[in-house]
Amino acid sequence: MGSANQTHCGYLASDLTPEEISEEVYLQESLVWPGPPHKGIPFQQSSDPKHSFFVIINSKTVFQIGDMLEVLVHMHDFLGHPKQHGGDFLLARIHSPELKAGAAGKVVDHQNGFYSVYFSLLWPGEVHISIILVHPSEAVQVLKRLREERPDRVYFKSLFRSGYLSESTVCNLCLPLHQPLCNYSDPHTGEPWFCYKPKLLSCDTRIDHAKGGYQKHILVGKEILFFQSDVNIKIPISPSGAGYVVVKFPAKQDLPEPDKSIHAETAKYSPSGFYFQDMWMSTTQILKRFNDTSSITKCLKGKVIYLLGDSTVRQWFEYLNAFVPDLKEFNLGSPRNVGPFLAVDSDHNIMLKYRCHGPPIRFSTVAASELRYIANELEGIKGGKNTVVAITIWSHFSTFPVEVYIRRLRNIRRAVLRLLDRSPDTLIVIKTANLQALDPEVSLYNSDWFSLQLDILLRRMFQGLDVVLVDAWEMTLAHSLPHALHPPLIIVKNQIDVFLSHICPDSPK
């Protein structure tokens, strides 16, 4: 085979220890997703949310707070026939609009066209059920193929300049070998990155990194039919019968015994929190409300806060910088959406820093000198009881095989453990992925299905470590506002409340 037909993929050449290989097998098994029994299922036989329906299984006149609600979803195709296999991507929530209340549900795929959904009933009143088909199983199979076969579907570029000469070339984790490459793999972490070598300039004349664009026409045959905005992308499924239940406070004598099976099931499917009057109520910690600037200033006094990652944690910087007037942002001359950013309150000895993660990152233009990997940034942090580090990294990895993300998280995890070894009092906060708006094009690059898979990996790889989690996934799923890559202000405010509650658990409410 000629070199013109070969592709160089840096992430495939990594040397893994036996323990890392074993972990990767375990992680890959956690991502297994059922699908159609064979390829080439015609569109008319794919899942149709309009023909599908759900029913309340344990229906009764009145439920009590603490009960578990079980719903059964039955998927049908466009011909009205029942589906015989699983793999549909469903999202579920309960909500009470007048109370501004909402919570996520747990979906269980029985792999025969039926799906059980479990909800913990956590507030009183009329509670409505919402089931959404994000993608039919046939679309998920397309997304799986794209993830493995087309890691180039978002491409990047770099500008090279020396004197009056300048050239731009394509960059990525994988590049076909039809011209010489410049190797920009990180010497410390080994994170791979390559650009085509400019024709007239040397590799050391690179001055920036930028998103190049999106590859078009990546679907084959009639795959496009599985991605239609008003047909099978984020379409609600209607109830057969009642679509809501009535919930009341339990009378004292009606309180269930601790050993009742429903309690075990409720605990098994308990969400991380829920909204009530638009305020996030955690099921795992006591939350404080930081509704005024003085409470935030008091909490952050004497603290250094590092916000590392993508634009969804940059929102935290923007929120705090806008909401707390004593924080003064230094003008570092950084591009508005890129950073790095720095804000300081010298009177209260507060420092707030934001820096984006290293490539792949789809920001407009980042100076080559500002491309930093989170693991390397963590190595430069002294840490201590007044140091807080928040990390978010997921969205920019959705177009790559999961091995790329596993490698990145493994490097970050090593650095987190080293930081905690030298400074055990350092607070490490991990913010999860969140849901976003999808259309046919966005689905192919940034689908919530990709995000969900990365989110599963993130949680598993940091499980058992001395870090805390901000569950942005459930916080966007449970809320009534439309999904957005950059969640609305009220959701960011609730994320900040969770974040600050971890920093200052003893602050007054």
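The values are calculated or read from the model by the stated rules, or taken from the named source; none is laboratory data. This one's a predicted model, so the numbers in the text were calculated from it and none came from an experiment. Positions of Cβ are generated from backbone atoms using ideal geometry, with glycine treated the same way; all protein chains shown enter the neighbour counts. The protein model used for the area step is the full one, side chains on, heavy atoms only, and it has no ligands, DNA or RNA in it. Shrake-Rupley method; radii C 1.70, N 1.55, O 1.52, S 1.80 Å.
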Each residue of the range 477-494 in order: what ³J(HN,Hα) in whole Hz does its phi give by Karplus 6.51 cos²θ - 1.76 cosθ + 1.60, θ = phi - 60°, with x for Gly and Pro? 5, 6, 7, 7, 5, x, 5, 8, 3, 9, x, x, 4, 5, 6, 4, 4, 5
Scoring the range 348-494 by relative contact order with C-alpha pairs under 8 Å, at least six apart, yields a percentage of 24 percent
Which is farthest toward the positive dipole end of the chain among LEU300, VAL246, VAL71, measuring Cα position about the Cα centre, with Cβ charges +1 (Lys, Arg) and -1 (Asp, Glu)? LEU300
Convex hull volume per residue for the range 41-162, taking Cα atoms only, in Å³: 178 Å³
Of the residues PRO36, SER59, LEU90, the Cα lying farthest along the dipole of the range 1-120 towards its positive end, which is defined by charges on the beta carbon of Lys, Arg, Asp and Glu, belongs to SER59
In debye to the nearest 20, the charge dipole size for the range 20-118, taken about the Cα centre with +1 at each Lys and Arg Cβ and -1 at each Asp and Glu Cβ, equals 480 debye
Could you list which residues have their amide H under 5 Å from that of PHE89, counting only those 5 or more apart in sequence or on another chain, with H placed in the peptide plane? VAL134, HIS135, SER137
So what are the ³J(HN,Hα) numbers for the range 313-323, from phi and the Karplus equation (6.51, -1.76, 1.60; θ = phi - 60°), rounded to whole Hz, Gly and Pro as x? 8, 4, 4, 5, 4, 4, 5, 5, 5, 7, 7
Projected area averaged over all directions for the convex hull of the alpha carbon atoms of the chain, nm², comes out at 27.1 nm²
Residue-span extension gain [ASN291 to THR61] - 0.36 nm each, minus C-alpha spacing: 78.9 nm
Across 10 Å bins from 0, what is the distribution of all Cα-Cα pair distances for the range 1-86, in whole percents? 12, 21, 19, 23, 17, 5, 2, 0
Report, by chain and number, residues whose modeled amide H sits under 5 Å from the one on SER52, excluding near sequence neighbours (fewer than 5 apart, same chain). HIS76
Report the percentage of all Cα-Cα pairs in the range 290-358 whose separation exceeds 14 Å, rounded to a whole percent. 55 percent
What nm distance separates the two modelled labels at ALA242 and LEU332, each placed 7 Å from Cα along Cα→Cβ? 5.6 nm
Identify all lysines with a Cα-Cα distance to LYS60 below 20 Å; exclude those on the same chain that are fewer than 8 residues away in sequence. LYS248, LYS252, LYS260
With only Lys, Arg, Asp and Glu charged, each at its Cβ (+1 for the first two, -1 for the last two), find how big the charge dipole of the range 394-435 is about the Cα centre; round to the nearest 20 debye. 120 debye
Of VAL402, SER423, SER443, which is farthest towards the positive pole of the range 383-445's charge dipole, taken about the Cα centre with +1 and -1 on the beta-carbons of Lys, Arg and Asp, Glu respectively? SER423
Under 5 Å between amide hydrogens, which residues at least 5 positions from SER46 or on another chain qualify, with H placed 1.01 Å from N in the peptide plane? PHE78
Can you compute the FRET efficiency between ARG459 and CYS203 using 1/(1 + (r/R0)^6), with r the Cβ-Cβ distance and R0 = 41 Å? Round to the nearest 0.05. 0.60
Taking Rh as the Kirkwood radius computed over alpha-carbon pairs of the range 440-509 and applying Stokes-Einstein at 37 °C with viscosity 0.692 mPa s, one gets a diffusion coefficient in µm² s⁻¹ of 233 µm²/s
Averaging the inverse of every distinct alpha carbon separation and then flipping it gives the Kirkwood radius. What is it for the range 303-431, in angstrom units? 15.2 Å
Using the Karplus curve 6.51 cos²θ - 1.76 cosθ + 1.60 with θ = phi - 60°, work out ³J(HN,Hα) for each residue of the range 356-369 in order, rounded to whole Hz, and write x for Gly and Pro. 6, 6, x, x, x, 9, 9, 7, 4, 8, 10, 4, 4, 5
Which pairs, out of LYS288/LYS328; LYS157/LYS197; LYS211/LYS234; LYS303/LYS382, put more than 21 Å between their alpha-carbon atoms? LYS288/LYS328; LYS211/LYS234
I'd like the carbon and sulfur percentage of the solvent accessible area for the range 404-444, probe radius 1.4 Å, heavy atoms only, ligands and nucleic acids excluded. 53 percent
Which value in deg cm²/dmol, rounded to the nearest 500, describes the helix-derived mean residue ellipticity at 222 nm for the chain, given -39,500 (n - 2.57) per DSSP H run of n ≥ 4 and division by the residue count? -7500 deg cm²/dmol
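Mind checking the dipole of the chain: about its Cα centre, +1 per Lys or Arg Cβ, -1 per Asp or Glu Cβ, Debye to the nearest 20?
Using only the charged Cβ atoms, the result is roughly 820 debye.
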Before I look further, what does the chain give for accessible area per residue, probe 1.4 Å, in whole square angstrom? 44 Å²
Cross-link partners of LYS100 among aspartates and glutamates (Cα-Cα below 17 Å; sequence separation of 8 or more within a chain): GLU126, ASP278, GLU474
Find the centroid of the Cα atoms in the range 352-377 and in the range 337-351, then give the distance between the two in whole Å. 17 Å
How large is the convex hull of the C-alpha atoms of the range 282-327 per residue, in Å³? 107 Å³
